[in-house]
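What follows is one structure encoded as structure tokens, with my remarks underneath.
Derivation of every value follows stated rules applied to the coordinates shown; laboratory data play no part. This structure is a prediction, so every number in the text was calculated from the model and none was measured. Note: ideal-geometry Cβ built from the backbone for every residue, glycine included; neighbour counts use all protein chains shown.
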Amino acid sequence: MGEGQSDRQAPPSIKLLSSNLSDQIAAGEVVERPASVVKEVLENALDAGARHIDIEIEAGGTRLIRVRDDGFGIPRDQLSLALTRHATSKVSTLEDLEAITTLGFRGEALPSIASVSRLQLISAQDGNGWQVGSGAEGGDPQPAPHPQGTSVVVRDLFYNTPARRKFLRTERTEQSHIEEALRRLAMARFDVRFTWRYNGRTGQDLPIAESESARAGRVSKLLGRGFMEHALPLRSEAAGLSLEGWIATPAFARAAANMQYVYVNGRVIRDKTVSHAIRLGYADVLHQGRHPAYLLYLELDPTRVDVNVHPTKSEVRFRDSRMVHDFIHRAVRERLRDARAGVGETNPNVATDGAFGGAPAMPMPIAGFPGGGAGGLSGYRPNFEMAVAGGSVSETTGFYQLAAQPLATAVEGGLSPETEEVEIPPLGYALAQLHGIYILAQNRAGLVLVDMHAGHERILYERLKQQRADNPLVRQPLLIPLVLHLSGREMDTVLTAQDELLSHGFEVTPSGPESVTIREVPALLRDADASAMVRDLIADLQRFGSSNRTAQEQDQLLSTLACHTSVRANRQLTLPEMNGLLREMEATERSGQCNHGRPTWVQLDLSAIDKLFMRGR
Ligand code: ADP
Ligand code: MG
């Protein structure tokens, strides 16, 4: 031991970092890649009240990032200060920090960027432009002509930090990160015009979009038309919280979670509470392993959310996260519940032209079929032959003539054929059954295809769930009580949440300092793994203050039950049976999707059918 001590070196002495080095260290947190520069500089422009922001990018942002705004500018005597760390015009007191309404507040971005690049800051107020620069270009402001507003010019990013430069990817990758940063900011502020160019070529020109449809247009440009075609507009308000935006129908679910945007008071964020709440809202309409797409704006009093959590300000902490969670969950859930088969502002299941890949490989002759409604169709018809109920249809005029006729012919229950404006239900009236799997129906827009098993499954499932909701939860004692060992923190949760656990159907009592005994479980879940479920429940209660797990597990069970009892393929249905199924689907919540998140029906508009036959209308 004595020897070891004599080997020990003198401890290194503590020194203050040079300001340039400490700026570079701070930059490591804020400026990860060119896209981070774009984000910070644009946020400053928005904070400055800009109405138009123009962006120029070269070589994936490593050679040049130039951002010009028409905001209120920076006075000459404060230009150098703007490049000094911890200098900000946005907060000055602790109260300010607790109710931040600007995107920036740390006073770190510009000095950080300046320490790892050659930066020029040019700004003009009242027609007088001045500029300062980082490094050798520093010093007193020099006159520089510039229109009202500010330009930030960042050249040779990371030229003096080789370690950071090595982590950069290809120009294309960096550019796609920049594109994503621009997209997020452009969707944050519809009242600002954005223009950007890559390597001198126009990337985007987004005019100010105040109206509802102009906003939707901007989102279409940024997220693609598919998103908007499947988007359900959402608007909900409660207890000082407001949620607006669009959620895509389950049919538009993605393989990756890469089209999920949430803004909190105008700031794009990632937050587990929020994404969990949305995900729950999609419970049992989403196909396994798929991710919903959404663009949502949450607004709340700034004192109810802490934005000072993360160096890049991309995370927040809600003062009352349980309330936020429940509010969002409910809003999304209710919006999706309203999306019944055949109902909605947008048709979630429109078969687009592409879905049919141009002309079909096989002709689809339309054969006449004697009407009368009641009788079932004779069984299997080969070669995609389609039988049409109601009226004689000639080979040549086919659908067109039929469409011109009142649609009620195939229905029992008597809508008078004379009525010109008959009320046609959204999913229309059944014409025939195809291969024992699909119902073909005709509605105003054209042809509707329904997957009868999927549709029936949803109807049964919603009925079973309703029954469960209407009846109190039945608990069943375990033959042999289960002992569960928990951590101290988990114990705390159990002690405060025993009633909550009971309301989920689990009777859990402490049986030692770090163990509990499970004596009763929900009868419906008697065969489930009770210890795993209780552990998950506790974890949920710790993280979100609430849990939907038992409901989810029970739903899972009911869903399987529904799946096994619903009509199987190849069962011949009569026309009245088919129409009955269609009417029930229209009346059932969430009937646009089966329990596994697949669509239950598809609309094929006449215009789409016309295209198949290259027929102009
Ligand atoms: P923060 O945004 O956190 O205040 P920054 O380092 O990003 O810190 O910017 C420092 C200061 O420079 C800001 O507080 C603001 O006063 C000024 N500033 C930066 N960019 C602009 C701009 N585009 N227009 C007007 N003022 C700006
Ligand atoms: Mg800033």
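Of note:
- Hydrodynamic radius by Kirkwood, which averages 1/r over all alpha carbon pairs of the range 1-66, in angstrom: 15.9
- Cα-centre dipole for the range 19-206 with unit charges at Cβ (Lys and Arg positive, Asp and Glu negative), debye to 20: 700
- Remark: the residue 176-residue 235 segment gains 18.1 nm on full extension, using 0.36 nm per residue and subtracting the alpha carbon distance.
- Prolate/oblate/rounded call for the range 224-337, Cα gyration tensor, a/c under 1.5 rounded: prolate
- The ranking of 14, 113 by Cβ neighbour count inside 10 Å, starting from the fewest, reads 14, 113.
- Between the range 446-464 and the range 500-554, the C-alpha centres lie 33 angstrom from each other.
- As a calculated quantity, the FRET efficiency between residue 308 and residue 507 at R0 = 51 Å, using C-beta atoms, amounts to about 0.75.
- Full extension of the segment from residue 583 to residue 167, taken as 0.36 nm per residue of separation minus the current Cα-Cα distance, would add 143.9 nm.
- Computed over the range 118-199: relative contact order in percent, which uses C-alpha pairs under 8 Å that are six or more apart: 22
- For residue 469 and residue 288, the difference between the fully extended length at 0.36 nm per residue and the C-alpha to C-alpha distance is 62.8 nm.
- Hull volume per residue, based on the alpha-carbon atoms of the range 475-562 and their convex hull, is 82 Å³.
- For the range 560-617, the dipole from Cβ point charges (+1 on Lys and Arg, -1 on Asp and Glu) about the Cα centre works out to 220 debye, to the nearest 20.
- Estimated translational diffusion coefficient (Stokes-Einstein, Kirkwood radius over Cα pairs, 25 °C, 0.890 mPa s) of the range 60-176: 159 µm² per second.
- Cross-link pairs exceeding 18 Å between alpha carbons, from the set 166/313; 39/272; 39/313: 166/313; 39/272.
- As a length-normalised measure over Cα pairs under 8 Å and 6 or more apart, the relative contact order of the range 475-562 settles at 30 percent.
- Cβ crowding within 10 Å ranks 429, 261 as 261, 429, fewest other Cβ atoms first.
- Spacing of the two label points (7 Å from each Cα toward its C-beta) at residue 208 and residue 299, in nm: 1.8
- Descending Cα extents along the principal axes, the range 60-121, whole Å: 40, 23, 20
- Zone residues, the range 112-153, relative to residue 80, backbone N less than 14 Å from point 7 Å out along Cα-to-Cβ: 131-143
- Distance (nanometres) between label positions extended 7 Å along Cα→Cβ at residue 254 and residue 199: 2.5
- Take the Cβ atoms of residue 244 and residue 557, set R0 to 45 Å, and the FRET efficiency comes out at 0.80.
- FRET efficiency for the pair residue 270 and residue 94, taken as 1/(1 + (r/R0)^6) with r the Cβ-Cβ distance and R0 = 35 Å, rounds to 0.85.
- Rounded if a/c under 1.5, otherwise prolate or oblate - the range 143-218, Cα gyration tensor axes: oblate
- Mean Cα-pair separation over length for the range 186-311, i.e. relative contact order, pairs under 8 Å, 6 or more apart, %: 23
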